[in-house]
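A quick write-up on the structure given underneath.
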Amino acid sequence: MSRLLRWFKRLAIMLGLLIVSLLAPVAYVEIMCRGETVADDHVPLLPPEHHRNEARTFLTYPEWHIVHAYDDYAKVIATHDPHHFAYLASITRFWTSLCALSARSARHGGFTGETKSMVYVIGVSFNLEMIAKAAYEETVGRLFAVLRGPERVPLDDLSARQAADYAVFLRQTPWYKWDFDADTDALRAQGTKAPRDRERRFALGVEYRFKAMYARAIAAMVATVGADETTLRMIVTDLDPDDLSGFDGIAVLAERPQGVEIETPRYRRLTGLLADLARRGGNFVEIAGNDDILLTALSEEPTIEGVLHSFPRQGYGDVRHLIAVKVEDLAETLRGLEARNLRLEHIHDY
């Protein structure tokens with residue numbers, strides 16, 4: 001009985017330490033990452049029903065950080081093994097970037113309770129996933145990779161393709177719509193009897209089956225509360241309505257004294273559309289009722305002037321920069337990226 005009690009105490013201590021380690025970054029952001037509140041004198045042109053909280057342009061980045069992390073992971077395992085991916089660095093960069101963005105959001109309406117709940121939940125979930133993968137891949141996974149030798153087996157390459165396809169999928173579509181069951185079936189169909197293939201089939205199969213169950217639960221919850229809007233409105237100048245209606249995905253709604261009101265898709269498609277509009281000479285007056293927006297750009301430079309935060313990408317050998325700009329300056333900023341040796345990655349809507 002006393003031995004059982006000792007093991008129970010040890011388990012409780014370990015569980016407590018895990019909970020503290022997961023919640024410590026949340027406490028850090030709450031305490032150390034507060035910005036100065038500044039009154040916003042922008043008067044929106046679009047009606048209130050088409051406004052989105054301006055702070056969300058900064059606070060949607062954490063979700064995209066996870067998308068980028070999966071992309072980095074896919075890039076690394078395309079030529080190396082999963083234990084070469086720096087899981088803990090990916091976690092650290094999530095929270096350090098959130099700290100910078102949390103402080104900046106104070107100028108734009110602040111980090112609301114609803115947004116905090118969402119960001120902290122996905123952050124803690126991301127921590128758990130990365131810690132679990134690191135614990136496995138740095139031990140059992142590394143052992144089987146060493147026993148395999150330098151020659152990759154079929155499931156090494158299949159899992160790399162699956163990771164790359166998943167990362168592309170996430171750019172436009174919620175993660176819970178991914179077909180994890182199909183990935184599990186592919187592991188069974190393409191694996192050999194080689195020890196490394198058996199190990200990959202088991203480890204990834206467990207991961208995919210867990211994600212499939214979690215995805216179904218999330219999908220059911222979203223069906224109950226409703227999904228987020230997939231379009232937004234903006235006002236554009238220097239392009240006439242006929243030009244704008246020629247863009248795939250754009251609906252021209254009205255001509256205003258300040259410009260043309262249009263409706264566009266959100267997420268990854270929006271980045272391409274805004275870049276195309278700027279390239280054609282268009283300029284932006286307001287997006288979703290806001291006059292500030294966040295974008296990320298890539299370069300080989302470790303830092304550039306005027307950025308909110310910068311850090312290296314894994315597998316690519318370059319650096320991601322988080323940049324805040326005025327909506328009225330967005331088009332000119334996009335047109336000037338090449339001259340600054342920057343490559344546009346993503347424009348964050350609200």
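The values are calculated or read from the model by the stated rules, or taken from the named source; none is laboratory data. Nothing here was measured: the structure is a model prediction, and the numbers come from that model. Glycine gets a Cβ as well: all are built from the backbone with ideal geometry, and neighbour counts include every protein chain shown. Accessible surface areas use protein heavy atoms only, side chains included; no ligands, DNA or RNA. Shrake-Rupley method; radii C 1.70, N 1.55, O 1.52, S 1.80 Å.
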- prompt: Sorted by accessible area with a 1.4 angstrom probe, largest first, how do Met213, Met130, Met118 fall?
  reply: Met213, Met118, Met130
message: Just to verify a number: what accessible area does Leu45 come out at with the full protein assembly present, 1.4 Å probe, Å² rounded to tens?
response: 60
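Take every Cα pair under 8 Å in the chain that's 6+ residues apart, average their separations, divide by the length, and report that relative contact order as a whole percent. Write out the running numbers ahead of the final one.
On the way: 491 pairs, mean separation 67.4, N = 350.
After rounding, I find 19 percent.
Expected output is a single nm value to one decimal: the length gained when fully extending between Tyr136 and Asp240, i.e. 0.36 nm times separation in residues minus the C-alpha distance. What is it? Let's see the in-between values first.
On the way: separation 104, 0.36 × 104 = 37.44 nm, distance 5.64 nm.
This chain segment gains 31.8 nm when fully extended.
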statement: For segment 30-35, Karplus-derived ³J(HN,Hα) couplings (6.51, -1.76, 1.60; θ = phi - 60°; whole Hz; x for glycine and proline) come out as 5, 8, 9, 10, 9, x
- request: Considering only Gln258, Gln172, Gln314, give the residue with the highest GNM mean-square fluctuation for the chain, with springs between Cα atoms whenever their separation is below 10 Å.
  value: Gln258
message: With the alpha-carbon atoms as the only input, what is the per residue convex hull volume for segment 233-350 in Å³?
response: 100
- request: Express in nm, to one decimal, how much length is gained between Trp7 and Gln258 on full extension, taking 0.36 nm for each residue of separation and deducting their alpha carbon distance.
  value: 83.4 nm
- request: Find the relative contact order for segment 100-256 and round it to a whole percent, using C-alpha pairs within less than 8 Å whose residues are 6+ positions apart.
  value: 19
query: Anyone know which of Arg340, Arg198, Arg268 comes out most mobile in the 10 Å Cα GNM of the chain?
result: Arg340
message: If you average the C-alpha positions of segment 117-165 and of segment 19-97 separately, how far apart do those two centres end up, in angstrom?
response: 21
- request: Please tell me the relative contact order of segment 280-339 in percent, rounded to the nearest whole number, where contacts are Cα pairs under 8 Å and at least six residues apart.
  value: 41
- prompt: Using a 1.4 angstrom probe with every protein chain in place, what is the largest-first accessible-area order of Lys177, Lys133, Lys193, Lys326?
  reply: Lys193, Lys177, Lys326, Lys133
query: Roughly speaking, what is the stretch gain from Met118 to His84, that is 0.36 nm per residue apart minus the C-alpha to C-alpha distance, in nm to one decimal?
result: 9.3 nm
- line: The long-range amide H neighbours of Glu345, using H built 1.01 Å from N in the peptide plane and a cut-off of under 5 Å, are Thr296, Ala297, Leu298
- request: Please list, in chain and number order, the residues 5+ apart from Leu46 or on another chain whose amide H is under 5 Å from its amide H, with Hs placed from the backbone.
  value: Gly289
- line: Measuring from its Cα centre, segment 70-214 shows a charge dipole (+1 at each Lys and Arg Cβ, -1 at each Asp and Glu Cβ) which, in debye to the nearest 20, is 220
1.4 Å probe accessible area per residue over the chain, in Å²: 51
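With a cut-off of at most 16 other beta carbons within 10 Å, and DSSP calling the residue loop, which chymotrypsin sites (Phe, Trp or Tyr not before Pro) in segment 263-339 qualify? Please list them. Spell out each step's value before the answer.
On the way: sites: Tyr267, Phe284, Tyr316; in loops: Tyr267, Tyr316.
Counting only loop positions with at most 16 other Cβ atoms within 10 Å, the chymotrypsin sites (Phe, Trp or Tyr not before Pro) in segment 263-339 are Tyr316.
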Structure-derived Kirkwood radius over Cα pairs in Å - corresponding label in [x] 21.5; [y] 22.4; [z] 24.2: [y]
- request: Return the sequence-ordered ³J(HN,Hα) values of segment 44-57 in whole Hz as given by the Karplus equation 6.51 cos²θ - 1.76 cosθ + 1.60 applied to θ = phi - 60°, using x for Gly and Pro.
  value: x, 8, 6, x, x, 5, 10, 8, 10, 4, 4, 4, 5, 4
- prompt: Of all accessible surface on segment 24-125 at a 1.4 Å probe, what whole percent is carbon and sulfur?
  reply: 58
statement: Listed residues Ala275, Ala74, Ala182; largest mean-square fluctuation, Gaussian network over the chain with Cα springs below 10 Å, found at Ala182
query: How large is ³J(HN,Hα), in whole Hz, for each residue of segment 325-332 in order, when computed from phi with the Karplus curve 6.51 cos²θ - 1.76 cosθ + 1.60 and θ = phi - 60°, using x for Gly and Pro?
result: 9, 6, 4, 5, 9, 4, 4, 5
